[in-house]
Amino acid sequence: MYSNANANRKAERCVIDFYETLPENLRRFSFDIKKAVLTLGSCTVHSYQEFAANRDVDVGDIIAYCESYTGCTHKQGKNYMIMFNDSADISRADKTFTLAHELGHILLGHLLVLESFKIFNSSHANEHFEQSADHFAALLLKKAARERSRSARGAEITVPAYLFERAELDWI
């Protein structure tokens, strides 16, 4: 049902389309994934820690609810909420990747597909969706890093090197 080649092409197209909609200052000088996500308008971003504190619950409860130590995305109506673990034991690069990965789920339509099926082979779909979101995130962050390197100014973008080994990134 799923083709990695088709999923990779879709991720590449989504990266290009999304990146071109970003304001010039985000594309060229100081790529900030959180600010990039917020340009969608229909999406909020919260750390697990912030979310837990606002609801007077333990961060562990949020992690259990999300079924992920690093991050998750929830859809309610037409709105999305991305949550990520802002723990000190997770590197800045991994937090950045997590936010880009969750953005990939939104832009690639994964939550819409899961929402529309009552009976779904979730293990196969989840594996496919996770790989596709990883590919999207790696491509987006690589593109941002290349754009930043072309600029004379800007904050350093750090991305774990092992992530680039998973995807073909030369096209960006």
Odd one out for C14, checked against (1) under 15 Å from the mean Cα position of the chain (by Cα); (2) not in a helix (DSSP H, G or I): (2)
Out of R55, R27, sole residue that is surrounded by fewer than 16 Cβ atoms within 10 Å (Cβ to Cβ), of a type in the set (D, E, K, R) and on the phi < 0 side of the Ramachandran plot: R55
Selection count, the stretch 61-87, where residues are within 25 Å of D134 (Cβ to Cβ) and exposed (fewer than 12 other Cβ atoms within 10 Å of the Cβ): 3
Test: V37 is under 16 Å from the mean Cα position of the chain (by Cα) and part of a strand (DSSP E or B): no
For R9: the one exception among (1) within 18 Å of L99 (Cα to Cα); (2) assigned to a helix (DSSP H, G or I); (3) at pLDDT below 95: (1)
Any hit, the stretch 43-54, residues being over 21 Å from L107 (Cβ atoms) and of a type in the set (A, V, I, L, M): yes
Residues (part of a loop (DSSP other than H, G, I, E, B), of a type in the set (G, A, S) and without any contact (Cβ under 8 Å) to a residue 40 or more places away in the chain) located in the stretch 60-101: S68, G77, S87, A88
The stretch 93-143 - residue that is among the charged types (D, E, K, R) and farther than 17 Å from C72 by Cα and, of those, modelled with the lowest pLDDT: K118
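The values are calculated or read from the model by the stated rules, or taken from the named source; none is laboratory data. What you see is a predicted model, and the numbers here were worked out from it, not measured in a lab. Note that we place each Cβ from the backbone using ideal geometry, even for glycine, and neighbour counts take in every protein chain shown.
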